[in-house]
Amino acid sequence: MTTLHSHPVAAPPADSPYHSYVYGYPHKTAYRPLTEAPALADVWRDEPKDALSLYFHIPFCETRCGFCNLFTRSTPPAEQVTAYLDALEHQTAAVADALGGARFARAALGGGTPTYLTAAELGRLYDLAEQILGADLRTVPTSVETSPATATPDRLEVLAERGATRVSIGVQSFVDTEAHAAGRPQRRAEVDRALAAIRAHTPRARLNIDLIYGIAGQTPQTWRYSLDTALEHRPEEIYLYPLYVRPLTGLGRSGRAWDDQRLDLYRRGRDHLLEHGYRQVSMRMFERVDAPSVDGPAYCCQTDGMVGLGCGARSYTGGLHYSFDYAVGVTPVRAILDDYVSRGPDGFDRAEVGFRLDDGERRRRHLLQSLLQADGVDPALYRSRFDSDPRADFPAEFALLDARGWVADGPDGRVRLTPDGLAHSDAVGPLFFSPRVTELMVGYDAR
């Protein structure tokens, strides 16, 4: 049995919910160049490959939103898009050779904006999965990100024909002045057209609408208007995101008043969706209670790996998370893209930048991917993997959460965040970061 020692934790202020969005652990800013970059064939040799997740990253958008810190470039020249797809084909072939056969349980096309690609280019992307990896995305749940400007009928018809089961569109606000304040130059008419097109051309796909709260000038009334307008489309999912200000993204806000505004709008949005037939899945995700379930092979995000393809994509194995270099600023993003597209067929057979996970980091990852969901941590599943109990492994962290009233043990044995704990998910998550990950993130040179 491995003994994991909890470390002293610095308690975040009880009224400061916004520290870090923990959508993955460890965060990409903890990745560093790998010494003696391992061959992908060695990385994947002993990994379970019967229920992998597949992700394609398309790092292009029609415009760079003011809040965005993703790896993407706006309005690239057409020849660079072609060169990128050529390089992506080389990478896909190299990864297929390294995997030696794999079965995929889930897939996603993200970015950036995958539908920045033309309809023909989207078809080529799907062909890479099918013809090189042997992954027919018609047979597994597949999510695709889109935008108001690129959700056009011809592109959506490709998604429908190739079996997309979820289409997610970033609206952020149905009020043009708010969208513009967030650095998103969209028009309401364009948003309405895109939503109508998604429902018309991908009728079998679940619709997700992203909304943002905490935008300059946003009020409870305008927030309610955006929520109600989204509800008119009866999306199967709605994500509510707090606005974050990150280095190099072009927006600048901070302070207690902003925290108070965001927390108030979150609670209003949460309560409004719960009153209108949605259930809360996490701090951000709400699902319509009568939405059809998604069929597909069993997949467990705590244990199963992910194959990420494209510049900006991350791949996960049990002991190594890896990617290419990461940046947000315009100049370094272009330099990284130039390096990616300049590689030949032999340039994608090694993991170059990443983070190696020991047993303790795997425990933290499992816990974070469970605790930050409304369903909480299943101690029996945790025990089956680690022969221990989460509260025994992290006593200091759970003591702090107990004292705040942010966590509770349910009658079914699960450990769940309370409603107030879910509201503070972005403060809860970083409590479980290891000292090593925290040090690496602090030392990351944003560029």
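Values computed for the structure shown
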| quantity | calculated |
| --- | --- |
| Extreme residue, surrounded by the fewest Cβ atoms within 10 Å (Cβ to Cβ), among residues of region 174-229 that are in contact with a Leu (Cβ under 8 Å, 6 or more places away or on another chain) and part of a loop (DSSP other than H, G, I, E, B) | 183 |
| Enumeration of residues in region 372-393 that are in contact (Cβ under 8 Å) with a residue 60 or more places away in the chain and among the hydrophobic types (A, V, I, L, M, F, W, C) | 372, 374, 381, 386 |
| Helices (runs of 4 or more DSSP H) wholly inside region 36-147 containing at least 1 residues that are hydroxyl-bearing (Ser, Thr, Tyr) | 78-99, 119-127 |
| Residue 375 being assigned by TED's automatic domain parsing to the domain that holds residue 410, more than 18 Å from residue 31 (Cα to Cα) and not small (Gly, Ala, Ser) | yes |
| Tally, over region 230-247, of residues that are assigned to a helix (DSSP H, G or I) and of a type in the set (Phe, Trp, Tyr) | 0 |
| Residue among 184, 166, 199, 204 that alone is in contact (Cβ under 8 Å) with a residue 60 or more places away in the chain and either more than 15 Å from residue 149 (Cβ to Cβ) or touching a Phe, Trp or Tyr at 6+ places or on another chain (Cβ under 6 Å) (or both) | 166 |
| Which listed residue, of 100, 134, 123, 110, is of a type outside the set (D, E, K, R), on the phi > 0 side of the Ramachandran plot, out of contact with any Gly (no Cβ under 8 Å at 6 or more places or on another chain) and assigned by TED's automatic domain parsing to the domain that holds residue 50 | 100 |
| Where residue 163 falls short, out of the listed (1) farther than 19 Å from residue 228 by Cβ; (2) assigned to a strand (DSSP E or B); (3) not hydrophobic (A, V, I, L, M, F, W, C) | (2) |
| Sole exception among (1) of a type in the set (Asp, Glu); (2) at pLDDT 95 or above; (3) under 24 Å from residue 282 (Cα atoms) for residue 387, by number | (3) |
| Residue that is farthest from residue 373 (Cα to Cα) [pool: residues in region 19-65 that are of a type in the set (Lys, Arg) and touching a Lys or Arg at 6+ places or on another chain (Cβ under 9 Å)] | 64 |
| Residues (aliphatic (A, V, I, L, M) and within 17 Å of residue 58 (Cα to Cα)) located in region 99-130 | 107, 108, 109, 117, 119, 120, 122, 125, 128, 129 |
| Sole exception among (1) within 30 Å of residue 40 (Cβ to Cβ); (2) out of contact with any Gly (no Cβ under 7 Å at 6 or more places or on another chain); (3) not aliphatic (A, V, I, L, M) for residue 270, by number | (1) |
| Residue that is modelled with the lowest pLDDT, among those in region 93-124 that are closer than 16 Å to residue 78 by Cα and within 21 Å of the chain's Cα centre (by Cα) | 112 |
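The values are calculated or read from the model by the stated rules, or taken from the named source; none is laboratory data. Here the structure is a predicted model, which is why all the values come from computation and not from measurement. All Cβ positions, glycine included, derive from the backbone under ideal geometry; neighbour counts span all protein chains shown.
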